[in-house]
Amino acid sequence: MTGIAEAFASARSALVLTGAGMSAESGIPTFRGPGGLWRDRRPEELATPEAFRRDPALVWEWYAWRRRRVAEAAPHAGHLAIARLEAGADVTVVTQNVDGLHRRAGSRRVVELHGNILRARCTAACGAPDDLPADPPEIPPRCACGALLRPDVVWFGEPLPEDAMGEALRAAGAAQVALVVGTSSVVYPAAALWRIALERGATVVEVNPESTPLSDLATWSVRETAGSFLPRLAEAVAARRTGDEERRTA
Ligand code: BV8
């Protein structure tokens, strides 16, 4: 922990890249782990424009089920710890998650690479505001203009929002330290971000109970859960920063 805390305490700019495992301890199932299936279907089968065109009601049933779970979920100690890390560095949280939990935990600079499941948008892009309740009154829900609504998330085969990807690339290129939490690092282009930080000489810390393609390349790969390791990291970094401050003013 000491080396990791030192890396964070001395960093001016930090990237925190999170995936579904970050929200597992808030009760939201991961995509590829246990509970990641829904009615024996894989996310890659449902989270696509083709699946939505083919059967918008089925896709909306899955999203309505997830929206209800997200609406009932709360940030856990790991989310709060990441928000605490902002106390002494320029921290950008780049998340693949669509649950909004980092913002609810108090993180100020959050880049939602894959959108937000609690937002919906009109498929005819009529510009009507999104006032869809977490549990849609009808499936599939329709816009006031009559067109279908869709979840405001990025499906497989769809490009990521340019502004989000631009900010994520900037943060990855500027970071002295990158914390990669709860991602299997199989989905692109998000999985390319820690490689950029690594190539630019950043210290890369992985937090994941399982090994991933990043594990052998990371500076440290911590085999722990987000909820267990991150609060201890935030505590160690705060203590380090206080000590550094006291030495400076002594
Ligand atoms: C695009 C939103 C181009 C929707 C999601 C072959 C090779 C490389 C790439 C591709 C390829 N074939 C196709 C592609 C591209 C494709 C892709 O990467 N596919 C993968 C499956 C191979 N990517 C795309 O399609 C992207 N778009 O490329 O567009 C383009 C450009 C221009 C014009 C047109 C097109 C779009 C990708 C975004 C898809 N949308 N989500 C929704 O949520 O419904 S992705 C989805 O997967 C989620 O966002 C999720 O976050 C993400 C990644 O999964 P993880 O977050 O890593 O979650 P996972 O379950 O896999 O892993 C959880 C991890 O947590 C595990 O490691 C586990 O051990 C760990 N864990 C568990 N518990 C804990 C924990 N860790 C810590 N603490 C715990 N307690």
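The values are calculated or read from the model by the stated rules, or taken from the named source; none is laboratory data. The model shown is predicted, which means the values in this text are computed figures rather than measured ones. Cβ sites come from the backbone with ideal geometry, for glycine too, and all protein chains shown count toward neighbours.
At-a-glance table
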{"quantity": "Where a residue in the range 147-163 is more than 6 Å from the ligand (Cβ to nearest atom) and in a helix (DSSP H, G or I) and its partner, wherever it lies, is among the acidic types (Asp, Glu) and modelled with pLDDT under 95, with Cβ under 6 Å and at least six apart", "calculated": "none"}
{"quantity": "Checking Leu17 against (1) crowded, with 17+ Cβ neighbours inside 10 Å; (2) more than 11 Å from the ligand (Cβ to nearest atom); (3) touching a residue at least 24 places away in the same chain (Cβ under 8 Å); (4) not small (Gly, Ala, Ser), the condition it does not meet", "calculated": "(2)"}
{"quantity": "Within the range 190-211, considering residues that are within 12 Å of Leu17 (Cβ to Cβ) and of a type outside the set (A, V, I, L, M), the one surrounded by the most Cβ atoms within 10 Å (Cβ to Cβ)", "calculated": "Trp194"}
{"quantity": "Pick from the range 119-135, criterion surrounded by 18 or more Cβ atoms within 10 Å (Cβ to Cβ) and under 21 Å from Asn97 (Cα atoms), ranking: nearest to the chain's Cα centre (by Cα)", "calculated": "Ala120"}
{"quantity": "Meets criteria (closer than 16 Å to Ala71 by Cα, at pLDDT 95 or above and either away from the ligand (no atom under 16 Å from the Cβ) or of a type outside the set (A, V, I, L, M, F, W, C) (or both)) for Arg103", "calculated": "yes"}
{"quantity": "Which listed residue is more than 11 Å from the ligand (Cβ to nearest atom), of a type outside the set (Phe, Trp, Tyr) and not in a helix (DSSP H, G or I), from Leu179, Leu193", "calculated": "Leu179"}
{"quantity": "All helices (runs of 4 or more DSSP H) inside the range 10-82 with 1 or more residues being at pLDDT below 95 and farther than 28 Å from Arg170 by Cα", "calculated": "43-46, 56-72"}
{"quantity": "Residue list for the range 103-116, filter: farther than 17 Å from Ala190 by Cα and surrounded by 22 or more Cβ atoms within 10 Å (Cβ to Cβ)", "calculated": "Ser107"}
{"quantity": "Test: residue in the range 58-73 that is free of Cβ contacts under 8 Å to residues at least 12 places away in the same chain and closer than 26 Å to Met165 by Cα", "calculated": "no"}
